[in-house]
Amino acid sequence: MHLNLKNPLVIFDLETTGTNVVSDRIVEISLLKISVNNSTETKTLRINPEMPIPLESSIIHGIYDADIADAPTWKQMAKSVFDFIKGADLAGFNVIKFDIPLLAEEFLRVDIPFDVSKRKVIDAQRIFHLMEKRTLSAAYKFYCNKDLNNAHSAEADTVATYEVLKSQIAFYENQKVVDISGKEIGQIKNDMDMLDSITRMDSVDLANRLTKNNQGQIVFNFGKYKGQVVTDVLKKDVGYYDWMMKGDFALDTKRKLTQIKLDSLK
């Protein structure tokens, strides 16, 4: 089918050094422009972010420091990207929460005013989530073909979850599970150890303020030290531990942080 367009539409995606809109940078941008007559033009650029790409990010998108060592910087390419999307509406997958805010930051850093208020923005992820609900009621209907009456009643939700879990095991049994980076992390089996290994997060604390990197090291998952090894941070910024202990953090997070600190002193 052809898209019914009043303006050109640019569908774009970013690969970046990380997920922090304020501090991370673009390492690749791909733009697909669809004109009002539905002809297409593609522009894909590798960008030198002028900062190291963390290994955990490179593993996901496959772009390493050596790959962009000779690439132009964003400052050199921003004007051509801006001209390419000039007068166009924008679309992508998860662009509202991530790609557009980060792209705007990059433009503003090089003094190019970027305003989406006069553009249409279409987020395919948002449509996906609106049309394919990810609620317990939707799961109950999909896996069990039943309507969930008294949703948000604790007992009804508990019973429905039990039925959904059994149906999921039957539906997916022996199928491989692959994470976002393409790594196989297990199979769906009627085995609680296996299901635990698949569904458990890498969080160290329940609030997900502390997590593990690809090397198994415990790192901060928020703030200015996000992605940095906790023990390294506590050594170089001795006041950070006290700040967290006095701050509005969960008691479980404080307990885990204290244990990490004590273990590092042994």
### Query
Counting other Cβ atoms within 10 Å, which GluC sites (Glu not before Pro) in region 125-234 have at most 12 and lie in a DSSP loop?
Glu132, Glu173
### Message
Whole percent per 5 Å bin, from 0 to the bin with the longest distance: what is P(r) over all C-alpha pairs of the chain?
### Response
1, 5, 9, 11, 12, 12, 14, 13, 11, 7, 4, 1, 0, 0
### Task
With an 8 Å cut-off on Cα pairs and a minimum separation of 6 or more residues, tell me the relative contact order of region 26-81 in percent.
33
### Message
Skipping prolines and chain starts, which residues have an amide H placed within reach, meaning under 5 Å, of the one on Val21, given they are 5 or more residues away or on another chain?
### Response
none
#### Entry: Neighbour cut-off at most 11 other Cβ (10 Å), DSSP loop, chymotrypsin sites (Phe, Trp or Tyr not before Pro), region 126-173
none
### Query
Which ³J(HN,Hα) values, rounded to whole Hz and listed in residue order, are derived for region 140-149 from phi using the Karplus coefficients 6.51, -1.76 and 1.60 in 6.51 cos²θ - 1.76 cosθ + 1.60 with θ = phi - 60°, glycine and proline given as x?
5, 5, 5, 7, 10, 6, 10, 8, 8, 7
#### Entry: Relative contact order (%) - criterion: Cα under 8 Å, at least six apart; region: region 110-232
10
### Sequence-distant residues sharing a close amide H with Ala91 (under 5 Å, placed H)
Val10, Ile11, Phe12, Ile122
### Query
Could you give the length gained on full extension between Asn7 and Ala170, defined as 0.36 nm per residue of separation minus the Cα-Cα distance, in nm?
54.0 nm
### Ellipticity estimate at 222 nm from DSSP helix runs (n ≥ 4, -39,500 (n - 2.57)) divided over the chain, nearest 500
-11500 deg cm²/dmol
### Query
Once you sort the root eigenvalues of the Cα gyration tensor of region 123-196 as a ≥ b ≥ c, which label holds: rounded (a/c under 1.5), prolate (a/b larger than b/c) or oblate (the other case)?
oblate
### Contact order normalised by residue count of the chain, Cα under 8 Å, 6+ apart, percent
11
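What trypsin sites (Lys or Arg not before Pro) does region 1-69 have in DSSP loop regions with at most 11 other beta carbons within 10 Å? Mind dumping the intermediate values first?
On the way: sites: Lys6, Arg25, Lys33, Lys43, Arg46; in loops: Lys6, Arg25.
Sites meeting the loop and neighbour criteria: Lys6.
Values quoted throughout were computed directly from the atomic coordinates according to the rules given, and no laboratory measurement underlies them. Values in this document were obtained by computation on a predicted structure and should not be read as measured data. All Cβ positions, even for glycine, are placed from backbone atoms using ideal geometry, and neighbour counts span all protein chains on display.
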